[in-house]
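Below: the structure, in structure tokens.
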Amino acid sequence: MLILITYDVATTDEEGARRLRRIARACADYGIRVQKSVFECQLGPKEWVTLRARLLQEFNPDLDSLRFYYLDAEAAAKTEHHGTQKPLDLSEPLIL
Amino acid sequence: MPEIIQNVLYLTTPGLYIQRDHLTFLIERDGTRLLSLPAHHIESICIMENEITLTHGAMQLALEHAIPIHYLDEHGRLRARVTAIPDTSVTLRRDHYRAADDPTRCLHIAQAIIAGKLHNCRNSLLRGARETSDPTAKDALQSTIDALARLIQNIPDTPDLDSLRGLEGAAAQAYFSAFNHLLKQQQDPFTFRTRSRYPPLDRINCLLSFLYALVRHDCISALTVAGLDPFVGFLHAERPNRPALALDLMEEFRPWLADRLAITLINRQQIQPHDFILHPGGAVELTPDARKTILKAYQERKRENLHHPVLDQQITIGRHFFVQARILARVLRGDLPQYLPHIPK
């Protein structure tokens, strides 16, 4: 399934900056960064359980927010991208 | 069936540097970051160039995710394979070896494999005969189609592997003799005369060999994932360093996947005579750019959906390798009476 993850992390102090780094890292481990705090993750159930638990552990519910959008194939196919930094499509042939 | 679309990572450019970055592969060239790929997207890594560095960390990441790493030479031949120590069922392996030691079971499985291959060859020629308007080509194709039909009928009567291999040889000769009639463009530079390998001696053999190598790579991966030993075959005799079971499994894929793709690439002129290097002494090699073109076409073809009759659902062609390997594993376990080769309509 394709999951869109967006987050807001309060980075007023050193602790917030740390949470931001660790949340971004968790998302980058499983998905593709499409904008600054937006990741698209193509995951199986096992990966999603792990990633979700990791994110919920890292964020501070009193200061930060996390949003998960579950996209079906139709919604994913309807996605448009305009402008710079077109993200990599991991289902395209990977030939380097 | 994993829900994630997994992909083969092909590394073909000299100077690539692949290291681990947490759970992703970080790919750099000349100090510039090219890509960061999450490991769970990768099904296998295929290294096709000497001047590529894969760090020990990246290798660890691959092994943790059960991603096999294949080292191929410039013709696409498998040179080495790095896999984690398999944790797959040892009972299945024992069943596999017992079946391979039993001549009757070998023959049954080999007959199914050859039947699949010949049906697929015949279907490919039938399609060629439908599409051609040239009466000579139509006649030649039709007579080969009839010859293949007779050979298919004779398969169950073959008493042993040697006679089956003889039948297969006759069928291959008939099939390749009609092969030229499937080309609509560039017939001259791509005329097929006889099959040559190690090294290929003309362009069409060079193209076919490269495609077969890609199919073989996918068969090895699929069999390994299914818990089978790609080196112990039924139709193909065991020889050191020969992935006999992968050669068995790929038979049914050759006509409709590799041969058809070669024909398409030639007919659409995506591959042309200048894509080949003719060496003195006769060996023919693909240019690096041509290899990339073929890889791209092959990978794109594998993303197309095709109906699988056993599962009764649409799955990508790339997943058909895994399904067929699993059907074979079920036969060896005794859960299925006979191997069912995939014969696309």
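The values are calculated or read from the model by the stated rules, or taken from the named source; none is laboratory data. From a predicted model like this one, the values you see are computed outputs, not experimental measurements. As a convention, Cβ positions derive from the backbone with ideal geometry for all residues, glycine included, and neighbour counts pool all protein chains shown.
Considering only the range B:311-325, how many residues are part of a helix (DSSP H, G or I), touching a helix residue (DSSP H, G or I) at 6+ places or on another chain (Cβ under 7 Å) and not aliphatic (A, V, I, L, M)? Break it down into steps so the answer makes sense when it comes.
Narrowing the range B:311-325 to residues part of a helix (DSSP H, G or I): B:317-325.
Now drop any that are not touching a helix residue (DSSP H, G or I) at 6+ places or on another chain (Cβ under 7 Å), which leaves B:317-318, B:321-322, B:324-325.
Still in the list and also not aliphatic (A, V, I, L, M): B:318, B:321-322, B:324.
Of the residues in the range B:311-325, 4 are part of a helix (DSSP H, G or I), touching a helix residue (DSSP H, G or I) at 6+ places or on another chain (Cβ under 7 Å) and not aliphatic (A, V, I, L, M).
Among the candidates B:Phe231, B:Phe276, single out the residue that is aromatic (Phe, Trp, Tyr), more than 28 Å from B:Ser177 (Cβ to Cβ) and away from chain A (no Cβ under 14 Å).
Values: B:Phe276 fails: more than 28 Å from B:Ser177 (Cβ to Cβ).
Checking each option against the conditions leaves just B:Phe231.
Is the range A:56-69 home to any residue that is acidic (Asp, Glu), within 11 Å of another protein chain (Cβ to nearest Cβ) and in contact with a helix residue (DSSP H, G or I) (Cβ under 7 Å, 6 or more places away or on another chain)?
No.
Return yes or no: is B:Thr224 outside any loop (DSSP other than H, G, I, E, B), in contact (Cβ under 8 Å) with a residue 12 or more places away in the chain and hydroxyl-bearing (Ser, Thr, Tyr)? Steps first, please.
Numbers: outside any loop (DSSP other than H, G, I, E, B): yes; in contact (Cβ under 8 Å) with a residue 12 or more places away in the chain: yes; hydroxyl-bearing (Ser, Thr, Tyr): yes.
Taking the combined requirement at face value, the residue satisfies it.
Quick check on this structure: which one of B:Leu126, B:Leu63, B:Leu107, B:Leu118 is away from chain A (no Cβ under 14 Å), without any contact (Cβ under 8 Å) to a residue 40 or more places away in the chain, hydrophobic (A, V, I, L, M, F, W, C) and within 30 Å of B:Arg165 (Cα to Cα)? Reasoning before the result, please.
Working: B:Leu63 fails: within 30 Å of B:Arg165 (Cα to Cα); B:Leu107 fails: without any contact (Cβ under 8 Å) to a residue 40 or more places away in the chain; B:Leu118 fails: without any contact (Cβ under 8 Å) to a residue 40 or more places away in the chain.
Only one candidate passes the filter, namely B:Leu126.
Which residue, of A:Leu90, A:Leu51, is under 30 Å from B:Cys46 (Cα atoms), facing another protein chain (nearest Cβ under 10 Å) and part of a loop (DSSP other than H, G, I, E, B)? Even if it seems obvious, please write down each step before you answer.
Details: A:Leu51 fails: part of a loop (DSSP other than H, G, I, E, B).
Testing whether each residue is under 30 Å from B:Cys46 (Cα atoms), facing another protein chain (nearest Cβ under 10 Å) and part of a loop (DSSP other than H, G, I, E, B) leaves just A:Leu90.
Any idea which of B:Arg29, B:Arg79, B:Arg105 is in contact with a Phe, Trp or Tyr (Cβ under 6 Å, 6 or more places away or on another chain) and either surrounded by fewer than 17 Cβ atoms within 10 Å (Cβ to Cβ) or aromatic (Phe, Trp, Tyr) (or both)? Spell out the reasoning first.
Working: B:Arg29 fails: in contact with a Phe, Trp or Tyr (Cβ under 6 Å, 6 or more places away or on another chain); B:Arg105 fails: in contact with a Phe, Trp or Tyr (Cβ under 6 Å, 6 or more places away or on another chain).
Only one candidate qualifies: B:Arg79.
Out of everything in the range B:32-57 that is touching a Ser or Thr at 6+ places or on another chain (Cβ under 6 Å) and small (Gly, Ala, Ser), what residue ends up being farthest from the other protein chains (Cβ to nearest Cβ)?
Looking at the filtered set, the residue picked out is B:Ser44.
If you take the residues in the range B:310-323 that are touching a residue at least 12 places away in the same chain (Cβ under 8 Å) and over 15 Å from B:Ala258 (Cα atoms), which one is nearest to the other protein chains (Cβ to nearest Cβ)? Walk me through how you get there before you give the answer.
Step one: list which residues in the range B:310-323 are touching a residue at least 12 places away in the same chain (Cβ under 8 Å), which gives B:310-311, B:315-323.
Okay, now just the ones that are also over 15 Å from B:Ala258 (Cα atoms), so B:310-311, B:315-316, B:319, B:322-323.
Numbers: B:Val310: 23, B:Leu311: 18, B:Ile315: 14, B:Thr316: 9, B:Arg319: 13, B:Phe322: 15, B:Val323: 17 Å.
This residue is B:Thr316.
Among the residues of the range B:220-229, is there at least one that is surrounded by 19 or more Cβ atoms within 10 Å (Cβ to Cβ), modelled with pLDDT of 85 or more, closer than 21 Å to B:Leu9 by Cα and in contact with a Leu (Cβ under 8 Å, 6 or more places away or on another chain)?
Checked against the condition, which is being surrounded by 19 or more Cβ atoms within 10 Å (Cβ to Cβ), modelled with pLDDT of 85 or more, closer than 21 Å to B:Leu9 by Cα and in contact with a Leu (Cβ under 8 Å, 6 or more places away or on another chain), the range B:220-229 yields at least one hit.
Just the residues that are part of a helix (DSSP H, G or I) and among the small types (Gly, Ala, Ser), please, taken from the range B:254-310.
Start the filter on the range B:254-310 by keeping residues that are part of a helix (DSSP H, G or I), which leaves B:254-267, B:273-275, B:288-303.
Across the range B:254-310, the qualifying residues are B:Ala258, B:Ala262, B:Ala290, B:Ala297.
Quick check on my filter: what residues within the range B:5-31 are over 22 Å from the mean Cα position of the chain (by Cα), more than 15 Å from A:Leu96 (Cβ to Cβ) and more than 7 Å from chain A (Cβ to nearest Cβ)? Give the derivation first.
Kept after step one, since they are over 22 Å from the mean Cα position of the chain (by Cα), are these residues of the range B:5-31: B:13-31.
Checking the rest, the ones that are also more than 15 Å from A:Leu96 (Cβ to Cβ) come to B:20-23, B:31.
B:Arg20, B:Asp21, B:Gly31 - these are the residues of the range B:5-31 that are over 22 Å from the mean Cα position of the chain (by Cα), more than 15 Å from A:Leu96 (Cβ to Cβ) and more than 7 Å from chain A (Cβ to nearest Cβ).
May I ask you to say which residue of A:Ala73, A:Ala26 is within 14 Å of chain B (Cβ to nearest Cβ) and in contact with an Asp or Glu (Cβ under 8 Å, 6 or more places away or on another chain)?
Working: A:Ala73 fails: in contact with an Asp or Glu (Cβ under 8 Å, 6 or more places away or on another chain).
When all the criteria are applied, what remains is A:Ala26.
Would a scan of the range B:180-197 turn up a residue that is surrounded by fewer than 17 Cβ atoms within 10 Å (Cβ to Cβ), of a type in the set (Gly, Ala, Ser) and modelled with pLDDT under 90?
no
Within the range A:54-71, which residues are surrounded by 10 or more Cβ atoms within 10 Å (Cβ to Cβ) and not in a helix (DSSP H, G or I)?
Passing the criteria: A:Phe59, A:Asn60, A:Leu63, A:Asp64, A:Ser65, A:Leu66, A:Arg67, A:Phe68, A:Tyr69, A:Tyr70, A:Leu71.
Is it the case that A:Ile5 is touching a Phe, Trp or Tyr at 6+ places or on another chain (Cβ under 6 Å), among the β-branched types (Val, Ile, Thr) and assigned to a helix (DSSP H, G or I)?
On the way: touching a Phe, Trp or Tyr at 6+ places or on another chain (Cβ under 6 Å): yes; among the β-branched types (Val, Ile, Thr): yes; assigned to a helix (DSSP H, G or I): no.
No, not satisfied.
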